[in-house]
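Since every read-out is calculated from the coordinates, none of them should be taken as a lab result. None of these values were measured; they are calculated from a predicted model. Because the Cβ atoms are built from the backbone with ideal geometry, glycine has one as well, and the counts that use them run over all protein chains shown.
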Amino acid sequence: MSFNFESTLETPITIDGVEFKNRLLNASGCVCTSGEDLNMLNLSSSAGIVTKSCTLKYREGNNMPRYYDTDALSINSTGLANMGYEFYRDWSVNKKKPYILSVAGVENGENLEILRNLQNSTTVDLIELNLSCPNIIGKPQIAYDFDATDELLRKVFEFNNLKLGVKLPPYFDTMHFNQMADILNKYKLSFVTSINSLGNGLVYDSFNTVIAPNEGLGGIGGSVIKPFGLSNVYRFSKLLKIPIFGCGGIKNKNDALEYIKAGASMVEIGTQLVKDGTSIFDTIIN
Ligand code: RRO
């Protein structure tokens, strides 16, 4: 079966009132931490800017080396290195395109405090609430705890007036897709991003770990995770009535179109953006 969706990536789309000129975004964490990074995204052909996930205050992140890649995969344990939410909020005045601020509070109540402090921003278009950072030692990925996810979203939507989506980790079991979808369907979310890296992978090179933090364990991205990204987008696009931002192992136009076929409205480029820089958006569109 074939249908003509070749031009989809260039087709504008409106997500909860926010207009995107095409379907390409960076994945949070990739070329989006410093002001220089954000400037490069601003000047690129991407449809919008997604910031590095941020916390209340600046974080140095984990020890180096904390990123490594091969043709097939990447592994990172960045440890939420970021400038603090005020930097990303204030930088948004420079945006020439939709601005998606990613939030990933670590401590109890941190997500709520950041979101409360963002309520008056007029230049942040969307929030991507990251429920799936795999690299904070001793802190579980929120979205693998269904009750904690429900509780957090309930508290957020008691006051939240922002347009807000969530970023999920990969799920591997039908029951988990259904359980998470039942929770997400209770709230007025603008979108869902699926998937974050596959947590706690281990990569050796010549029997040595390739990253330093957490005994070498880190989040896996790149081509090897594409089948899981696709299945998660496919499942959630059937179970939810909101746009899905597909992410995981997109290297080229064909990969991006596979995500559109699976049900994504937008696609986010991670590892390949780190490798190629922002020219990847031109390469994919052309
Ligand atoms: O900063 C990180 O270590 C990190 C984050 Br917040 C995330 O959501 N996903 C990832 O692979 N790394």
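Of all beta bridges that DSSP places with both ends in region 153-280, some 35 percent have antiparallel geometry. The length gained by stretching the chain between residue 261 and residue 285 to full extension, at 0.36 nm per residue less their Cα-Cα distance, is 7.0 nm.
Taking label points 7 Å from Cα along the Cα-to-Cβ direction, residue 252 and residue 188 give a separation of 4.4 nm. Over all Cα atoms in the chain, the spread is summed up by Rg and Dmax: 17.4, 52 Å.
Most simply put, the chain has about 40% antiparallel DSSP beta bridges, counting only bridges with both residues inside it.
Spacing of the modelled spin labels on residue 123 and residue 14, each 7 Å from Cα toward Cβ, amounts to 2.5 nm.
Rg and Dmax of region 127-207, both derived from C-alpha coordinates alone, stand at 14.2, 52 Å.
Taking the chain as a Gaussian network of alpha-carbon nodes connected by springs under 10 Å, the highest mean-square fluctuation of the residues 38, 164, 239 belongs to 239. The length gained by stretching the chain between residue 70 and residue 204 to full extension, at 0.36 nm per residue less their Cα-Cα distance, is 47.1 nm.
Length available on full extension from residue 215 to residue 36: 0.36 nm per residue minus the Cα-Cα distance, which gives 61.3 nm.
For residue 239 and residue 155, what does the FRET efficiency come to when R0 = 30 Å and r is the distance between their Cβ atoms, rounded to the nearest 0.05? My answer for the efficiency is 0.80. Taking the three principal axes of the alpha carbon atoms in region 98-249, the coordinate ranges are 51, 32, 31 Å, sorted in descending order. Computed over the chain with a Gaussian network model linking Cα atoms closer than 10 Å, the most mobile of 109, 199, 249 is 109.
What fraction of the Cα pairs in region 198-276, stated in percent, has a spacing above 14 angstrom? Cα-Cα pairs of region 198-276 separated by over 14 Å account for 63 percent. GNM remark for the chain: springs join alpha carbons under 10 Å apart, and the peak mean-square fluctuation among 156, 50, 192 falls on 156.
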